[in-house]
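Colleague: So that we are looking at the same thing, I have put the structure below in structure tokens.
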Amino acid sequence: MKFFEVRNLNTGYGDLQILRNVSLEINKGEIVALLGSNGAGKSTLMRAIVGRLRIWSGEIIFNEQNITNLSPDKIVKLGISLCPERRRIFSGMTVKENLEIGAYQRRNGLKERMEKVFSILPRLYERKNHLGGDLSGGEQQMLAIGRALMNEPELLLIDEFTLGLAPTIVEILVDVVKKINESGVSILLVEQDVHMALEISNRAYVMEVGEITISGNSKELLENPQIKESYLGM
Amino acid sequence: MKKSVILFFIFIAILVILPFLVSGYWLRVLTQTFMFAAIATGSNIIIGFTGYPAFGNIAFFGIGAYVTGVLMTKYNFSFLLTLPLCALSGFLIATLLGLPLLRLKGHYFAIATIGVMEAIKEIVDNMTEITGGGMGLTLPIMEGEPAYIYKFFYYAILLIMLLTIAVAFLIFRSKFGYALRAIRIDEDAASVMGINTSLFKTISWAISGALVGIAGGAYAYWLTYIDPSTVFETSYSVKMFAMILLGGGTTVLGPMIGAFILELVSEFVWSKFIEIHGMILGMLIILIVIFIPKGLFETFKGGFSFRKIIINLRENKL
Amino acid sequence: MIMLETKNLAKKYGGLEVLNNVNLKVYKGEILGLIGPNGAGKTTLMNLICRLTDITRGEIYYKGELINNKKPYEISKMGIARTFQVVKPFKGLTVLENVMVGAFYGRKNAKNRAEAKDIAMDALKIVGLLNEKDREPSILPIAQRKKLELARALAMDPELLILDEVMAGLNPKELDDIMKEILLLKERGITIIAIEHVMKVIMGISDRVVVLHLGELICEGKPHEVCNHPQVIEAYLGSKFAQRGVA
Amino acid sequence: ADVIKFGAAISLTGKLAKEGNLVKNGYELWKETVNKKGGIKIGNRYYKVEIKYYDDESDPNRAAKLVEKLITEDGIKLILGPYGSESVFSTSAITEKYGALMVQGGAGADKLYTRGFKNLFGIYTVATEYMDDTLKMLRNKTPKPNTVAIVYSNDLFSTQVAQGARASAQKYGYKVVYYKDYPKGTQDLSTVIVEIKAKNPDILIGCGHFQDTVVIVKQSKDYKLNPKAIAFSVGPTLPDFVTALKGDAEYIFGSAQWTPTLKYKDPVFGSNENFVKAFKAKFGVEPNYHAAGGAAAAVIFQRAIEKAGTFTDINKIRQALASFNEETLFGKIRFDATGKVVDKGMPVIQIQRGQQKTVYPENAAEAKPVYPKPAWR
Amino acid sequence: MIILQVLLNGILLGGFYALIGVGFSLVWGVTNIINLAHGAIALLGAYITLFLFQYYGVDPFLSLPFSFIPLFIFGYILQRYLLNLVVKAQIFMLLILTFGIEIFLVNFMTTFFSADFRSVTPDYAGESLIIGDIVIPYIRLAVFAICILITLLLSLFLNKTWTGKAIKATSLDIDAAMMVGINPAKIFAITFAIASGLAGVAGSLFSLTQAFSPSMAGSLTLRAFIVSILGGLGRVEGALLGGIILGIVETLSSYIIGESYKNAITLAIMVLVLVIKPTGILGKKYFAEVKH
Ligand SMILES: Nc1ncnc2c1ncn2[C@@H]1O[C@H](COP(=O)(O)OP(=O)(O)OP(=O)(O)O)[C@@H](O)[C@H]1O
Ligand SMILES: Nc1ncnc2c1ncn2[C@@H]1O[C@H](COP(=O)(O)OP(=O)(O)OP(=O)(O)O)[C@@H](O)[C@H]1O
Ligand SMILES: CC(C)C[C@H](N)C(=O)O
Ligand SMILES: [Mg+2]
Ligand SMILES: [Mg+2]
């Protein structure tokens, strides 16, 4: 039985097909990295998984349930959360309100969960009464992750969480991601810092122009000559 | 592009010979259509090109109407002489208003222009000495046979429409036009590229005001009776906007096409369904927005197709 | 020769002091790397130089001339061009037309469409976007949109080019390519300020690096000097990075 | 078949729809009555009446366009007027230009007749004479009223009514203590009422439209403005006035171009009384002056055509109208050289026990005017 | 003394303006739709009250729930099945669309209720509280109190309930709202439903103090418009403040400068507020920033 699986997915925008026969799976407790150059379609795949994009054909299975073309709110309710590209936090709401609304589909035990999020991300606790929009980029990224955790997801999708962040912050966030994973959440990670992504993930997929071209164990991929040449610049 | 230009000239040629073929009423309907086409095309310079939704642009129409009206009745100006002055006053007033108002964006700008329009209307309404206030202004009736008079206005307003289109076209193709489009999309980016945004915005509104002002002047002499509530008419604003959107605001000819379709369709609707035409017109607008929200020009530039309608429908849905 | 200089420059947003007494010098012909933690005020500093936001205090000189009271469009005509961290392509215009706007109104000031087109094509060739010239920018992936920003700036024929994180989101391979292009620009005599969080890039292209932290310049020098500066490691690079060494 | 076609562009929708439809009802009843009698008689032949309607949406510009359509497309040169001075203004310019003929019973602005038009005939007593009879009637009452407040809507018709009212007030020796306008369509007049209250006038005259009168009455009551008489140019004559205001409508005066109780003979309906009966039978409600104006305009048009003996020779019909002198349900109608009706007078009505009662002129009065008006409870 | 009375009138009038404006402002702030049909919807409420009053003798104040509920449902359906189909189109398309709805509703009302001006006049209409020279009509006082009460309840609803918070979140960022499991289609519909319901209530109250006909829809919408601008989009407290300011400005300018300049002055003040503080007097950071 598969925890999460994408089978032969095809989709795109308007008339334009972006993803072609994409298949991928995630086992419970894993971190899976999704690599690929710009415009390969990684964010598109994430959008399709969370129901933001109509799927033309193929299917997505989560915990034995077919979630193909379910609406985003239902998918969130089932336990898949997305930390989108460019963070998208609610700038006009305080950190606390942002976290609260993250629990929109899981209202029980809100207090305890918020405690937990604060313990993973203590910086958020310090700023809990500030408006989201007033936070620095790194803090906003933490908030985005924290908000996703408020939904107690079983699967967390993270899209380019280090983009434009200072090295110190990246370091902290990498630790946060590892901690989240250790607490039992499976993670699908899209990341341009291929080195880092392969270091923290168990397995990885490489996507090129809408198709999965390489997949395998992360440690092995680090040594893969093709990867080395086209993604690590060596 | 080539093809649409040829089509446009054929279309104009037909319009030029039409007065010899149709009756006074249809001449009047067409004249009114030209008038709306001129208003929509002129307003589109600020609305569609520059991206500033001047919802109250009809203010300049009213101003033009009153300039012609007052000059002709109080100072015995000849009609043709008043038109440049209509343009001038539209230009000047838009320039003055532009300085404070063009700092606003989007909805806010739209509302501010509505406010300004209503305020100008009220001022005209209260300047009873000069404008006749709420009692309106009666212009001298043109000398001559009705047939002659109607052809005169037909051609005059057709010319005004063509002038407006020509100006819009020249702007669109020019360096200036690129600047306006850049401003529409992102003003910060435009300004660091070397575009003097506040100056250009103001000029574009001023040109727009001048063109709409001319249309207003012609209207006043054509109808011979104006009063504040008929020339500063909010529903004209709405109509103008509908025309721009229907045809497509990012194009030169879109507003004119919108004007022709909307005027002629409503003419049809009005004559066929006296009692419920209002409801039908409302439905029609709703349907247009749902099915061709990008405007006809944009949606069907590669030819008509249902697929495009469906794609649009999918895209705009929540 | 000093190209650009700020003297005691400060910026406040409401009560928040974002920049505080910044004295920055940029020399002709160099590539200056500007780094610093998120929210340090890097983008704000560039916005001040381009005169997009009001100066709270201090002066900015460009080639010896005080530019405090200039408008953004005047700045650009003086030869300063920039890219935006959050890309701002002109949607609805094609890639080529986007770049033509730069040619029309920048320092080049092209007189007609033909001239603007020539300039634009050159700029597109430099950044390698020629194949995309008739596409609509909003469907381009981020990397290409960043290239478009760059092409547009180049079409303005700048003397001083400000790059605000043009390389964020590129993978290592793509980074190598674009770094080479930037070095080529330097060879053409363009002075460049590059803001970047990717240290590999900063190390690879900068002649000099300055570090901005909490609105103040805390350090400046050769790239490797800066990297080993304890305050910079503390505030920005982090200990692990220091251990791992400069890539 | 032998028919005479009339045309009318009239407000069936929009802000004047109410009045427009009433005028149309008047036209319709006339058409039916005439046709029942065989039609319009020219020489020895009878011609059936047909009326072509268009809806001007209460927009004068549309009205002009539609009248042009009637003339050029439908070939109709006999135009029954639209409702409202603005529309009559714009459409009569069209009929004038095309040499078509208009008889209108829907507009009362004096300005209509100052343009030197030959082809426009109007049967409404003009605006400046509107309040004259009311002020005349009140001048000798006890306790003697001395002061008048006039408030009016800023539109062509109402402004002229107010001007006339002021002139009449001065003529009859009243002092005008308040004279101000408000913009057309205002919804709140509390400030105006409070200001008038401070002047404590004996008579309050409101020159506006129906909704304004309702607002003025409601707010007068709210703020205890208690003049000895309240009179409106338009409003009390509409049946809705009582429906909307109930008891508060009591004792308010209104000027009417016509009232159902007038005792005139009529060449088509026989008498005013018959007209009222026929109207009630057909539309289920008592007619008011809008409807009567429509019917009367049509009757006059018909009589002129019959006298001229032609329905195609506009010149002859015009002459017949210019020399018209006949009693109709609207009164004895004569036109002056500009085409406006003269010496028709303006009956005054008062709401008494929820009914419109004609209280002036004495020969048509059904009841005595109640004066002074009791204070609001 | 007159000035006091005038000010008081302005405040009382302002309560009504706040109620007509609050829903409009909410819809605008949350869905970015300028609902030109708002006034027409309010008039539907007025007709419901009139109908119940005339045929069943229902007291106008008791009829408020009867205008709220059907219009709430009407609003929900309108947004869910019509406006939601096009919300992502250019904002001005939506403007035209709501104008289409307005034309439709106004003509619908004209056809079915006729263009007549109507008014609801219960027996107690015209009773006033008199303190010295100052007159306070009871009905206006009651209308004012109800308006304030409803506005406050709405404010509580938005700040304390999950739905309220979801409305707030959706107004800030639709995409992000979807990420946390909010269904914006539903939230939009609820927002529009609330606004329509409240418009209906406002219309019911309107029928008590004024004469109304379908042709008045536009001027009601304009008032709602000004209130939203003055107070700040999507801000309940803003609408209250905006309403009262509008009321006072209207009565005061009418008193000082004259009734005939009232609208010009009101609009000039609106434009001034726009130019000085485009987010309105109570506009909050990050809310209702111009969205394109
Ligand atoms: N809304 C859209 N409409 C049309 N095309 C789009 C849209 N969004 C993305 N695309 C196109 O889809 C392709 C894949 O984009 P996507 O954002 O999924 O790439 P990505 O792998 O996430 O790249 P990046 O690393 O830059 O984030 C690109 O070619 C892009 O131009
Ligand atoms: N318009 C504004 N109003 C208020 N504060 C602002 C505004 N713009 C920027 N700031 C604040 O100023 C500070 C500096 O921001 P700036 O964008 O310059 O940082 P940066 O160094 O470019 O960061 P990054 O590396 O994340 O791009 C931040 O705290 C930011 O929140
Ligand atoms: C009430 C009518 C007698 C007058 C009409 N309102 C007009 O404009 O002339
Ligand atoms: Mg992506
Ligand atoms: Mg930055």
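Colleague: Which of the residues belonging to segment B:112-160 are more than 8 Å from every other protein chain (Cβ to nearest Cβ) and polar (S, T, N, Q)?
Modeller: B:Thr113, B:Thr128, B:Thr131
Colleague: What do you reckon, is D:Gly235 within 14 Å of chain E (Cβ to nearest Cβ), surrounded by 23 or more Cβ atoms within 10 Å (Cβ to Cβ), at pLDDT below 95 and at positive phi?
Modeller: yes
Colleague: Let me ask you something else. If the requirement is being within 22 Å of the chain's Cα centre (by Cα) and open to solvent by less than 10 Å² (accessible area, probe 1.4 Å), which of these qualifies: B:Gly62, B:Gly51?
Modeller: The conditions single out B:Gly62.
Colleague: Looking at segment B:289-318, I want the residues that are within 20 Å of E:Thr98 (Cα to Cα) and away from every other protein chain (no Cβ under 11 Å) and have a partner that is surrounded by 16 or more Cβ atoms within 10 Å (Cβ to Cβ) and among the small types (Gly, Ala, Ser) with Cβ atoms under 6 Å, at least 6 apart or on another chain. Which pairs are those?
Modeller: These pairs meet every condition: B:Leu296/B:Gly247.
Colleague: What pairs can you find where one residue is in segment D:297-310 and closer than 18 Å to D:Tyr124 by Cβ and touching a residue at least 40 places away in the same chain (Cβ under 8 Å), the other is among the hydroxyl-bearing types (Ser, Thr, Tyr) and open to solvent by less than 10 Å² (accessible area, probe 1.4 Å), and their Cβ atoms are less than 6 Å apart, with a gap of 6+ or different chains?
Modeller: D:Ala298/D:Tyr27; D:Val299/D:Thr328
Colleague: Moving on. Find the residue count for segment A:1-56, including only residues that are within 16 Å of ligand 4 (Cβ to nearest atom) and polar (S, T, N, Q).
Modeller: The qualifying residues number 5.
Colleague: On the given criteria, is B:Leu88 farther than 19 Å from B:Arg181 by Cα, open to solvent by 10 Å² or more (accessible area, probe 1.4 Å) and at pLDDT 95 or above?
Modeller: Spelling it out, B:Leu88 is indeed farther than 19 Å from B:Arg181 by Cα, open to solvent by 10 Å² or more (accessible area, probe 1.4 Å) and at pLDDT 95 or above.
Colleague: Only residues that are more than 14 Å from every other protein chain (Cβ to nearest Cβ) and at pLDDT 90 or above: list them for segment D:140-163, please.
Modeller: The answer is D:Lys144, D:Pro145, D:Asn146, D:Thr147, D:Val148.
Colleague: Here is a further query. Residue check, D:Ala256 against (1) open to solvent by less than 10 Å² (accessible area, probe 1.4 Å); (2) within 11 Å of another protein chain (Cβ to nearest Cβ); (3) aliphatic (A, V, I, L, M), all met but one. Which one?
Modeller: Here D:Ala256 meets the rest and fails (2).
Colleague: Mind listing whichever residues of segment D:165-183 are buried (at least 19 other Cβ atoms within 10 Å of the Cβ) and within 11 Å of chain E (Cβ to nearest Cβ)?
Modeller: D:Asp181, D:Tyr182, D:Pro183
Colleague: Now a separate question. Taking the condition open to solvent by 10 Å² or more (accessible area, probe 1.4 Å) and of a type in the set (A, V, I, L, M, F, W, C), does B:Ala166 pass?
Modeller: When the stated conditions are applied, B:Ala166 passes them.
Colleague: Considering only residues that are more than 17 Å from the chain's Cα centre (by Cα) and of a type in the set (Ser, Thr, Tyr), look in segment A:110-167 and name the one that is least open to solvent (accessible area, probe 1.4 Å).
Modeller: A:Ser136
Colleague: Here's a follow-up. Mind checking which residues of segment C:153-183 are within 16 Å of ligand 1 (Cβ to nearest atom) and modelled with pLDDT of 90 or more?
Modeller: Listed by number, the list is empty, since nothing qualifies.
Colleague: Still on this structure, I have one more. Hey, which of the strands (runs of 3 or more DSSP E) in segment C:27-123, taking only ones fully inside, have at least 2 residues that are within 20 Å of C:Leu160 (Cβ to Cβ) and either open to solvent by 20 Å² or more (accessible area, probe 1.4 Å) or within 16 Å of ligand 5 (Cβ to nearest atom) (or both)?
Modeller: C:31-35, C:57-62
Colleague: Turning to a different aspect of this structure: Out of everything in segment A:29-50 that is near ligand 1 (Cβ under 9 Å from one of its atoms) and more than 23 Å from A:Lys74 (Cα to Cα), what residue ends up being modelled with the highest pLDDT?
Modeller: Step by step, filter segment A:29-50, then rank; the result is A:Leu34.
Colleague: If you don't mind, there's one more thing I want to ask. List the strands (runs of 3 or more DSSP E) that sit entirely inside segment C:126-215 and contain at least 1 residues that are more than 15 Å from the chain's Cα centre (by Cα) and more than 16 Å from ligand 4 (Cβ to nearest atom).
Modeller: Answer list for segment C:126-215: C:208-213.
Colleague: Here's another thing I want to ask about it. Please enumerate the residues belonging to segment D:267-287 that are open to solvent by less than 10 Å² (accessible area, probe 1.4 Å) and of a type outside the set (A, V, I, L, M, F, W, C).
Modeller: Once the filter is applied, which keeps residues that are open to solvent by less than 10 Å² (accessible area, probe 1.4 Å) and of a type outside the set (A, V, I, L, M, F, W, C), segment D:267-287 yields D:Asn272, D:Pro287.
Colleague: Can you find a residue in segment A:80-91 that is more than 16 Å from ligand 2 (Cβ to nearest atom) and away from chain E (no Cβ under 14 Å)?
Modeller: No, segment A:80-91 contains no residue that is more than 16 Å from ligand 2 (Cβ to nearest atom) and away from chain E (no Cβ under 14 Å).
Colleague: Going through segment A:182-200 one residue at a time, which ones are under 18 Å from A:Leu35 (Cβ atoms), more than 10 Å from chain C (Cβ to nearest Cβ) and more than 16 Å from ligand 4 (Cβ to nearest atom)?
Modeller: A:Ser186, A:Ile187, A:Met196, A:Leu198, A:Glu199, A:Ile200 - these are the residues of segment A:182-200 that are under 18 Å from A:Leu35 (Cβ atoms), more than 10 Å from chain C (Cβ to nearest Cβ) and more than 16 Å from ligand 4 (Cβ to nearest atom).
Colleague: If you don't mind, another one. Considering segment B:281-291 alone, what residues qualify as being farther than 13 Å from E:Leu83 by Cα and more than 21 Å from the chain's Cα centre (by Cα)?
Modeller: B:Met283
Colleague: What residue, of C:Thr94, C:Thr56, C:Thr6, C:Thr43, is hydroxyl-bearing (Ser, Thr, Tyr) and modelled with pLDDT under 90?
Modeller: That would be C:Thr43, the only listed residue that is hydroxyl-bearing (Ser, Thr, Tyr) and modelled with pLDDT under 90.
Colleague: Further question on the same structure: Hey, can you tell me all the residues within segment C:7-20 that are touching a residue at least 12 places away in the same chain (Cβ under 8 Å), away from ligand 5 (no atom under 16 Å from the Cβ) and more than 27 Å from C:Pro158 (Cα to Cα)?
Modeller: Those that are touching a residue at least 12 places away in the same chain (Cβ under 8 Å), away from ligand 5 (no atom under 16 Å from the Cβ) and more than 27 Å from C:Pro158 (Cα to Cα): C:Lys12, C:Glu17, C:Asn20.
Colleague: Another question, if that's okay. Any idea how many residues of segment C:33-90 are β-branched (Val, Ile, Thr) and more than 14 Å from chain A (Cβ to nearest Cβ)?
Modeller: 8
Colleague: Does segment E:73-83 include one or more residues that are small (Gly, Ala, Ser) and within 14 Å of chain B (Cβ to nearest Cβ)?
Modeller: no
Colleague: So, one more: Is it the case, given these coordinates, that A:Glu154 is farther than 30 Å from A:Ser230 by Cβ and within 14 Å of ligand 2 (Cβ to nearest atom)?
Modeller: Judged against the criteria, A:Glu154 is not a match.
Colleague: Related question: Any residue at all in segment C:171-190 that's within 16 Å of ligand 5 (Cβ to nearest atom), of a type outside the set (Phe, Trp, Tyr) and either facing chain A (nearest Cβ under 10 Å) or open to solvent by 10 Å² or more (accessible area, probe 1.4 Å) (or both)?
Modeller: The answer is no, given that none of the residues of segment C:171-190 is within 16 Å of ligand 5 (Cβ to nearest atom), of a type outside the set (Phe, Trp, Tyr) and either facing chain A (nearest Cβ under 10 Å) or open to solvent by 10 Å² or more (accessible area, probe 1.4 Å) (or both).
Colleague: So which of A:Ile61, A:Ile18 ends up being away from ligand 2 (no atom under 16 Å from the Cβ), modelled with pLDDT under 90, in a strand (DSSP E or B) and open to solvent by 20 Å² or more (accessible area, probe 1.4 Å)?
Modeller: Matching residue, one of A:Ile61, A:Ile18: A:Ile18.
Colleague: Out of A:Ser183, A:Ser215, I need the residue that is in the same structural domain as A:Leu35 (by TED's automatic domain parsing), open to solvent by 20 Å² or more (accessible area, probe 1.4 Å), away from ligand 2 (no atom under 16 Å from the Cβ) and in contact with a Phe, Trp or Tyr (Cβ under 6 Å, 6 or more places away or on another chain). Which one?
Modeller: Of the residues listed, the single one that is in the same structural domain as A:Leu35 (by TED's automatic domain parsing), open to solvent by 20 Å² or more (accessible area, probe 1.4 Å), away from ligand 2 (no atom under 16 Å from the Cβ) and in contact with a Phe, Trp or Tyr (Cβ under 6 Å, 6 or more places away or on another chain) is A:Ser215.
Colleague: Kindly indicate which of E:Gly234, E:Gly181 is open to solvent by 10 Å² or more (accessible area, probe 1.4 Å), in a loop (DSSP other than H, G, I, E, B) and within 14 Å of chain A (Cβ to nearest Cβ).
Modeller: It is E:Gly234.
The values are calculated or read from the model by the stated rules, or taken from the named source; none is laboratory data. Quantities reported herein were computed from a predicted structural model and do not represent experimental measurements. All Cβ positions, even for glycine, are placed from backbone atoms using ideal geometry, and neighbour counts span all protein chains on display. Just the protein is used for accessible areas: all its heavy atoms, side chains included, with ligands, DNA and RNA removed. Shrake-Rupley method; radii C 1.70, N 1.55, O 1.52, S 1.80 Å.
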